[in-house]
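Quick note: the coordinates plus some simple rules give every number you see, no bench work behind them. Please read these numbers as outputs of a predicted model, since none were measured by experiment. Every residue, glycine among them, receives a Cβ derived from its backbone with ideal geometry; neighbour counts consider all protein chains shown.
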Amino acid sequence: MLGNNIKELRKNKRMTQKDLAEAMRVSQQTVGAWETERAIPGADTLSDLADYFNVTTDYLLGRPEKKDDDTKTADIEDDDVIFTYEGRQIPKEDLELIRRIMRGTRNDIK
């Protein structure tokens, strides 16, 4: 994965292995070894590559990028989940009221 990502990013910039080698101050053979995964860049070099290509090291390594705003979901019918609002637990009676509203059976609301 890492090797393919380096190669793809290099080609997207229309660079040769020699061009990338000069930019990273390594030999062309080293770049070739990275791309075929016969060698793996060290942490500092990996960081330099990420900076050079304006990507994250996670992207280079093929890890999915997790967003800070990843949404967590839970089904309101799941009684094993503790639902909260403004830091306080929602009482079971209120959850039942919410369930009825969501089902459209408001005539049962007191």
The farthest towards the positive end of the charge dipole of the chain, of the residues A50, I76, I101, given +1 on Cβ of Lys and Arg and -1 on Cβ of Asp and Glu, is A50
In percent, what relative contact order does the chain have, based on Cα pairs under 8 Å that are 6 or more apart in sequence?
-> 19 percent
For segment 15-31, just list the computed ³J(HN,Hα) in residue order, Karplus coefficients 6.51, -1.76 and 1.60, θ = phi - 60°, integers in Hz, with x standing in for Gly and Pro.
-> 10, 8, 4, 5, 4, 5, 4, 5, 5, 8, 6, 10, 7, 4, 5, 5, 4
Per-residue ellipticity at 222 nm attributable to helices in the chain (runs of n ≥ 4 DSSP H, -39500 (n - 2.57) apiece, nearest 500 deg cm²/dmol) works out to -14000 deg cm²/dmol
Long-range amide H contacts for F83: which residues qualify at under 5 Å (H placed 1.01 Å from N, peptide plane, sequence gap of 5 or more or a different chain)?
-> I90
For Rg/Rh (Cα atoms, Kirkwood Rh) the list reads (i) 1.42; (ii) 0.92; (iii) 1.02; the calculated value is entry (i)
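Where nothing but the Cβ of Lys and Arg (+1) and of Asp and Glu (-1) is charged, how large is the charge dipole of the chain around its Cα centre, in debye to the nearest 20? Each step should come with its number before you reach the end.
Details: 19 positive and 23 negative charges, 108 e Å.
I would put it at about 520 debye.
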Estimated vicinal HN-Hα couplings, Hz - segment 35-46 in sequence order (Karplus 6.51, -1.76, 1.60; Gly, Pro = x) = 5, 9, 6, 7, 9, 10, x, x, 4, 5, 5, 4
